[in-house]
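Chemist: Structure below; questions to follow.
The values are calculated or read from the model by the stated rules, or taken from the named source; none is laboratory data. All of these numbers come straight from a predicted model, not from anything done at the bench. Please note: Cβ atoms are built from the backbone with ideal geometry, for glycine as well, and neighbour counts cover all protein chains shown.
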Amino acid sequence: MPLFSCIVGMNGATSGVAGSKEIFVDFEYGSLKEVIVGVPFAIYPDLEVARWAQEAIKILPETEARKMWERSGKDSISIGKFDLMEKENKELIAILEKHGVRVWRPEILSRERVITNFGEEYVRFSGVSQQYTRDPILVIGNNVIENTMGSLYRRSDILAFKRLFMGRVAGSNARWVSMPTIDYSLMIREGQFDKTGFPVLEGGDVIVLGKKILVGTSMNRATGSSEFGYLWLKSYLEPQGYDVEHVRLTEDILHLDVALSVPRHGLIVVCPDAFVDGIPSYFKGWKRIEVSKKETRYLATNGLPIDKDHYILGYNDHFDGMGVKKALEANGIIVYRIYFAAHNEDGGSIRCSTHPLVRKLDK
């Protein structure tokens, strides 16, 4: 049996009756009921031809950037990384299921499937990265949005969601839409990639706080969301009563959730140095658990609230998470620490690896 069939069947990604349940997400710290957890299949771009990646990996610490060069053109299964990451995923899933959260998984894309859709040269130039399910989609209220990704190696991600969405989203209460498609060839010049002139958006840049939506954009031109992506989301959501705010980030920060976490109302985990224009005024008067730029680049803020009283935090050999854990516990929050180093070295952690389908603030 193909590997992707085992994963899908094991986690029920195609089970259920379409339209049988509500889809809704209101707050970052609402009670999590259903979530998608990624699968750790990746094909690393061939850095001999993917000159753009040399700009993109500025978001990684030097130790992790070197590993990207070592893995150039290889995939996560052949180098043994898939199994390491899936072990970490299983620990994450066990905590979620302990709290009654239903977990869905996308399909695993084969190299052949991506090549059939986009061509062999594309795979070599761009690569594939499936673990970080936060980014290809957005769930805000009952809106399910398929994003146009600003990271070239994430273009194929959405293919793995199609069967899941046909079983869970189609026929539900969700407004299921896609962002405008773009011609990626216009974004590539002499091996370089520039997102800035196009509407691209990634879920890691979007923080949901009721009707207040924060949208980050990194100054890094080769990865993450763009200002035009922010403007598209603003134009789509504001007629529904949302207030959408732009938040600019320094070029060594990939996404807003790498600089900011909101465990509950009145409390944030934040790296002040990551914000070009300062921490958003929305958080004026809130308590802050501050982390350094170095800790931020090792994913110190990329934790996941299960609800306002429980929080999952990843740690690794460079960031042990104890300072953040103790500070959260001092504010009455129970923290689960997971060793997530195999994920962290690719630039993502717990929030990156998950996307909620149902999350509601308890009244």
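Chemist: In segment 181-217, what residues are of a type in the set (A, V, I, L, M) and over 25 Å from residue 261 (Cα atoms)? Spell out how you get there, then give the answer.
Modeler: Restricting attention to segment 181-217, the residues satisfying the condition of being of a type in the set (A, V, I, L, M) are 182, 186-188, 200-201, 206-209, 213-215.
Matches in segment 181-217: 182, 186, 187, 188.
Chemist: Give all pairs with beta carbons closer than 6 Å in which a residue from segment 81-92 that is farther than 20 Å from residue 43 by Cβ meets a residue that is of a type outside the set (Ser, Thr, Tyr) and in a helix (DSSP H, G or I); count only pairs at least 6 apart in sequence or on separate chains.
Modeler: Going by the 6 Å Cβ cut-off, there are no qualifying pairs.
Chemist: A follow-up question, please. With at pLDDT below 95 and surrounded by 19 or more Cβ atoms within 10 Å (Cβ to Cβ) as the only criterion, which of 150, 119 stands out?
Modeler: On the way: 119 fails: surrounded by 19 or more Cβ atoms within 10 Å (Cβ to Cβ).
Every option except 150 fails the conditions.
Listed here are the residues, each with its yes/no results for (1) over 24 Å from residue 334 (Cα atoms); (2) among the aliphatic types (A, V, I, L, M); (3) in a strand (DSSP E or B).
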| position | (1), (2), (3) |
| --- | --- |
| 235 | yes, no, no |
| 238 | yes, no, no |
| 245 | yes, no, yes |
| 248 | yes, no, yes |
| 254 | yes, yes, no |
| 268 | no, yes, yes |
| 288 | no, no, yes |
| 306 | no, yes, yes |
| 314 | no, no, yes |
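Chemist: Is it the case that segment 158-172 has a residue that's among the β-branched types (Val, Ile, Thr), farther than 22 Å from residue 196 by Cβ and out of contact with any Ser or Thr (no Cβ under 9 Å at 6 or more places or on another chain)?
Modeler: Yes, segment 158-172 has at least one match.
Chemist: Then there's this: Find the residue count for segment 125-144, including only residues that are of a type in the set (S, T, N, Q) and part of a helix (DSSP H, G or I). If you could, list the steps in order and put the result at the bottom.
Modeler: Keep residues of segment 125-144 that are of a type in the set (S, T, N, Q), which gives 126, 129-131, 133, 142-143.
Remaining after also requiring part of a helix (DSSP H, G or I): 126.
Residues flagged as of a type in the set (S, T, N, Q) and part of a helix (DSSP H, G or I) within segment 125-144 amount to 1.
Chemist: Within segment 174-215, can you find the residues that are at pLDDT below 90, assigned to a loop (DSSP other than H, G, I, E, B) and among the aliphatic types (A, V, I, L, M)?
Modeler: Hit for segment 174-215 is 182, nothing else.
Chemist: Can you pull out every residue in segment 263-294 that is within 21 Å of the chain's Cα centre (by Cα), touching a residue at least 24 places away in the same chain (Cβ under 8 Å) and buried (at least 18 other Cβ atoms within 10 Å of the Cβ)?
Modeler: Those that are within 21 Å of the chain's Cα centre (by Cα), touching a residue at least 24 places away in the same chain (Cβ under 8 Å) and buried (at least 18 other Cβ atoms within 10 Å of the Cβ): 263, 264, 269, 270, 271, 274, 275, 280, 291.
Chemist: Of all residues in segment 97-116, which are more than 19 Å from residue 38 (Cβ to Cβ) and exposed (fewer than 14 other Cβ atoms within 10 Å of the Cβ)?
Modeler: Those that are more than 19 Å from residue 38 (Cβ to Cβ) and exposed (fewer than 14 other Cβ atoms within 10 Å of the Cβ): 98, 100, 112, 116.
Chemist: Right, another one. Regarding segment 177-188, can at least one residue be identified that is free of Cβ contacts under 8 Å to residues at least 12 places away in the same chain, over 16 Å from the mean Cα position of the chain (by Cα) and farther than 17 Å from residue 348 by Cβ? Walk me through how you get there before you give the answer.
Modeler: Initially, segment 177-188 is screened for residues free of Cβ contacts under 8 Å to residues at least 12 places away in the same chain, giving 183, 185.
From the residues that got through so far, the ones that are over 16 Å from the mean Cα position of the chain (by Cα) too are 183, 185.
Of the ones still in play, those that are also farther than 17 Å from residue 348 by Cβ are 183, 185.
Scanning segment 177-188 turns up at least one residue that is free of Cβ contacts under 8 Å to residues at least 12 places away in the same chain, over 16 Å from the mean Cα position of the chain (by Cα) and farther than 17 Å from residue 348 by Cβ.
Chemist: Among the residues of segment 300-344, what is the count of those that are of a type in the set (S, T, N, Q), crowded, with 23+ Cβ neighbours inside 10 Å and within 25 Å of residue 80 (Cα to Cα)? Can you show your working first?
Modeler: First, the residues of segment 300-344 that are of a type in the set (S, T, N, Q): 301-302, 316, 331, 344.
Those still in the list that are crowded, with 23+ Cβ neighbours inside 10 Å too: 301-302, 344.
Narrowing the set further to residues that are within 25 Å of residue 80 (Cα to Cα) leaves 302, 344.
Residues flagged as of a type in the set (S, T, N, Q), crowded, with 23+ Cβ neighbours inside 10 Å and within 25 Å of residue 80 (Cα to Cα) within segment 300-344 amount to 2.
Chemist: Of all residues in segment 1-40 being of a type in the set (A, V, I, L, M) and at pLDDT below 95, which is surrounded by the fewest Cβ atoms within 10 Å (Cβ to Cβ)?
Modeler: First pass over segment 1-40, keeping only residues of a type in the set (A, V, I, L, M): 1, 3, 7-8, 10, 13, 17-18, 23, 25, 32, 35-37, 39.
Subsequent filtering for residues that are at pLDDT below 95 retains 1, 3, 7-8, 10, 13, 17-18.
Details: 1: 6, 3: 14, 7: 17, 8: 22, 10: 9, 13: 23, 17: 10, 18: 13.
Out of the qualifying residues, it is 1.
Chemist: Next up: For the subset of segment 49-82 comprising residues that are at pLDDT 75 or above and acidic (Asp, Glu), which member is farthest from the chain's Cα centre (by Cα)?
Modeler: Selected residue: 70.
Chemist: For residue 359, state whether it is buried (at least 22 other Cβ atoms within 10 Å of the Cβ), at pLDDT 95 or above and part of a loop (DSSP other than H, G, I, E, B).
Modeler: No; evaluated as a whole, the condition is false for this residue.
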